[in-house]
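Visitor: To start, I am sharing the structure in question, which I have written as C-alpha cells.
Derivation of every value follows stated rules applied to the coordinates shown; laboratory data play no part. Only a predicted model underlies this, so the values are computations on that prediction, with no experimental measurement involved. Positions of Cβ are generated from backbone atoms using ideal geometry, with glycine treated the same way; all protein chains shown enter the neighbour counts.
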Amino acid sequence: MNAYEAARLIDISAVRTHHGLKDIQEVVDIAKKYKFINVHALPSWTKTVAELLKDEPDIYVGGPAGFPGGGHCTEIKVMEAKRLVEDGAQEIDVVMNVGKLKSDEYDYVENELKEVLSVIPSNILTKVIIEINCLTDEEMLKACELVIASGADFVKTGTGWVPAPLDLDRIRKIKDFTKGRIKLKVAGGIRTKEDFLAMVDMGVERFGIGTKSALEIVQSFE
C-alpha cells in the first residue's frame with residue numbers, strides 16, 4: 001500500500017463544536033494535497049465544503065444527520081438529511097438513536113433509519129453510526145443487524161465524541177457477524193499505522209481518523 005491508496009480509505013473532518021471556516025479550509029487543503037477520500041463538516045458548513053471542493057471530483061463532501069447524539073426526533077433527522085442533499089453532500093453519516101436501541105425499541109430504530117434513508121438519493125453513500133463505545137457486544141451486533149435491514153451502505157462504529165481505546169477484537173466481531181452484507185467504517189481511537197493495517201487486513205473498507213493521526217499514517221507510507 002502506498003500513501004495515495006491509504007488516503008483513499010480515510011475520511012477527515014472538522015466536526016467539533018469550535019471548528020470554523022479556518023479549520024474547514026485547513027482540512028480541505030490537506031485533503032486536496034493527499035487526496036483523502038472525504039471531508040466531513042457539520043451541516044451548516046456543507047455548502048462551504050462543497051464549494052471548496054467543486055474542482056476536486058475525487059474528494060467527496062460528507063455531512064452528518066442527527067449528530068452527535070442521535071436522539072433527535074425522526075422528523076428533524078429527515079429534514080437534516082434533505083438539507084444535506086440540497087447543500088451538496090455526497091456521503092451522509094446518520095447517527096442511530098442508541099437510547100432507543102438500548103431500550104429494546106428495535107422497530108423504532110429500524111423504521112427511523114429507513115425513513116431518513118428514503119429521502120437520500122441512491123447515488124449518495126449512506127453510513128449509520130452505532131456508537132459501539134456505548135454498547136455491549138450483544139447490542140453492537142443487534143445494531144449492525146438493524147443497519148443492514150435499513151439498507152444503508154455502511155455501519156460506522158462511532159462519532160469520535162465518545163472516547164475509548166480502539167478494540168480490534170470488537171471490530172473483528174462486527175466483520176465476522178456482518179459477513180460481507182454491509183461495509184464497515186471504523187472511527188475513533190485510530191492512531192497508528194499498525195492498527196490501520198490490521199483493520200485493512202480484516203476487510204474494513206473506510207476509516208474516520210483525526211486529521212493529525214491521518215496525516216501521520218499516510219505520510220508513513222511515503
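Visitor: Under a GNM of the chain (C-alpha, springs under 10 Å), which listed residue has the highest mean-square fluctuation: GLY63, GLY189, GLY208?
Guide: Highest fluctuation among the options: GLY189.
Visitor: Shifting gears a bit: THR17 versus GLU216, label points 7 Å from Cα toward the beta carbon: distance in nm?
Guide: The two pseudo-label positions are separated by 2.6 nm.
Visitor: Report the relative contact order of the chain, percent, no decimals, based on alpha-carbon pairs under 8 angstrom and at least 6 residues apart.
Guide: Values: 395 pairs, mean separation 41.0, N = 222.
Relative contact order comes out at 18 percent.
Visitor: Calculate for the chain the 222 nm mean residue ellipticity that helices alone would give, adding -39,500 (n - 2.57) per DSSP H run of length 4 or more and normalising by residue count, nearest 500 deg cm²/dmol. All intermediate terms of the calculation are to be shown ahead of the outcome.
Guide: On the way: 10 runs with 100 residues, N = 222.
Rounded to the nearest 500, it is -13000 deg cm²/dmol.
Visitor: Of GLY160, SER13, CYS134, which is farthest towards the positive pole of the chain's charge dipole, taken about the Cα centre with +1 and -1 on the beta-carbons of Lys, Arg and Asp, Glu respectively?
Guide: Comparing the listed Cα positions along the dipole, SER13 ranks first.
Visitor: Right, another one. Net charge within 12 Å of ALA14 by Cβ-Cβ distance, Lys/Arg positive one each and Asp/Glu negative one each, not counting ALA14 itself? Walk me through the intermediate numbers first.
Guide: Numbers: positive: ARG16, LYS22; negative: ASP11, ASP23, GLU26, ASP29.
Once positives and negatives cancel, what remains is -2.
Visitor: Can you compute the FRET efficiency between MET79 and LYS102 using 1/(1 + (r/R0)^6), with r the Cβ-Cβ distance and R0 = 22 Å? Round to the nearest 0.05. Walk me through the numbers before you get to the answer.
Guide: Details: r = 25 Å, r/R0 = 1.13.
For R0 = 22 Å, the calculated efficiency reads 0.30.
Visitor: Quick one: compute a quarter of the convex hull surface over the Cα atoms of region 138-196 and quote it in nm². Write out the running numbers ahead of the final one.
Guide: On the way: hull surface 17.0 nm².
Computed as one quarter of the Cα hull surface, the answer is 4.2 nm².
Visitor: Starting from the Cα gyration tensor of region 99-198, multiply each eigenvalue by 5, take the square root, and state the resulting semi-axes largest first in whole Å.
Guide: In descending order the semi-axes read 22, 16, 12 Å.
Visitor: Report the label-to-label distance for ASN123 and LEU166 in nanometres (one decimal), using points 7 Å from each Cα along the Cα→Cβ vector.
Guide: Once both label points are built, they end up 3.4 nm from each other.
Visitor: Roughly how many whole Å is it from the C-alpha centroid of region 179-215 to that of region 35-108?
Guide: 19 Å
Visitor: Same structure again: Once the Cα atoms of the chain are picked out, what are the Rg and Dmax in Å?
Guide: Calculated on Cα positions, Rg and Dmax stand at 16.2, 48 Å.
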